[in-house]
Amino acid sequence: MRRFVIIGQTAKGSSFSLEDLPGSSGRLDVLLRCAQAALLVSHGLRRSTMIYLVLLGDPEAPKTLRIDGRVAEYLRPDERSFGGRVRTALEWATTSEFAAERQGIAVAAGGLELVLPDLGITRPFVLEEGSADIRSALLDPSEVTFFLGDHLGFDPLTHSRLIGFGATALSVGPLSVHADHAVTLVQNELDRREK
Ligand SMILES: C[S@@+](CC[C@H](N)C(=O)[O-])C[C@H]1O[C@@H](n2cnc3c(N)ncnc32)[C@H](O)[C@@H]1O
């Protein structure tokens, strides 16, 4: 399984407006684009990808949304309808485990402390500008996890937790790109290695 974990420092899981996603959701839109980049291909879904969106900016509590490409259904490429689907799903986030799985979407009240044990045995990497080039890294395209920051990057505490988890830093190129573009570049690199 390919896994992507996006850490949204300001992203909110409740009470945002679909009319103004970037302005009302603490930039949840950045995370939604990452989910789309990870899971969607032309006319289809990547069945071997799972994505976690960790929303740390909610006034109630952190919330995490997990989408499992193996069983996901009806994921639309337009941000508004995807945002609506995510908003409805996040209303179920009341327990500290990924319990309410519907059409591949599960949610939980909690953040990284729930995600790390859920990953199982995997090789973790943190995507970080200025680190070692992904093209020279040894990667198993079928069992790997990548952690990404949002528009603000990583906060120092999260970064040190990821390093403590054993994640190795990799970069996708010389420029700082948008998080969803970094996801696309990684998927492309893994696709090339799998072929
Ligand atoms: C828009 S960037 C964050 C920029 C933020 N201003 C900072 O200084 O960290 C969002 C995320 O995309 C990933 N990213 C962007 N460019 C990258 C690169 N060249 N190599 C690896 N990851 C990258 C990182 O995970 C980053 O936290």
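What follows is calculated from the coordinates using simple rules that are stated; it is not laboratory data. Just so you know, these numbers come straight off a predicted model, no measurement behind them. Here the Cβ positions follow ideal geometry from the backbone for every residue, glycine too, while neighbour counts run over all protein chains shown.
When region 76-93 is filtered for residues that are surrounded by 13 or more Cβ atoms within 10 Å (Cβ to Cβ) and either in contact with a Ser or Thr (Cβ under 9 Å, 6 or more places away or on another chain) or farther than 24 Å from V41 by Cβ (or both), the ones remaining, listed by number, are G83, R87, L90, W92, A93.
Within region 2-51, which residues are under 16 Å from V115 (Cα atoms) and either surrounded by fewer than 21 Cβ atoms within 10 Å (Cβ to Cβ) or touching a Ser or Thr at 6+ places or on another chain (Cβ under 6 Å) (or both)? Matches in region 2-51: R2, R3, I7, Q9.
From the set of residues in region 138-159 that are exposed (fewer than 15 other Cβ atoms within 10 Å of the Cβ) and hydrophobic (A, V, I, L, M, F, W, C), which is nearest to P62 (Cα to Cα)? Looking at residues that are exposed (fewer than 15 other Cβ atoms within 10 Å of the Cβ) and hydrophobic (A, V, I, L, M, F, W, C), I get L157.
Six or more apart or on different chains, Cβ under 7 Å: which pairs go from a residue in region 125-142 that's under 17 Å from Q187 (Cβ atoms) to one that's near the ligand (Cβ under 8 Å from one of its atoms) and in a loop (DSSP other than H, G, I, E, B)? Could you list them? Final answer for the pair search is L127/V172; I134/V172.
Of all the residues in region 127-146, those that are within 7 Å of the ligand (Cβ to nearest atom) and under 15 Å from the mean Cα position of the chain (by Cα) number 2.
Taking (1) free of Cβ contacts under 8 Å to residues at least 40 places away in the same chain; (2) under 22 Å from V177 (Cβ atoms); (3) touching a helix residue (DSSP H, G or I) at 6+ places or on another chain (Cβ under 9 Å) in turn, A38 satisfies each apart from (1). Scanning region 159-187 for residues that are of a type outside the set (A, V, I, L, M, F, W, C) and near the ligand (Cβ under 10 Å from one of its atoms) gives H159, S171, G173, P174, S176, H178, D180, H181.
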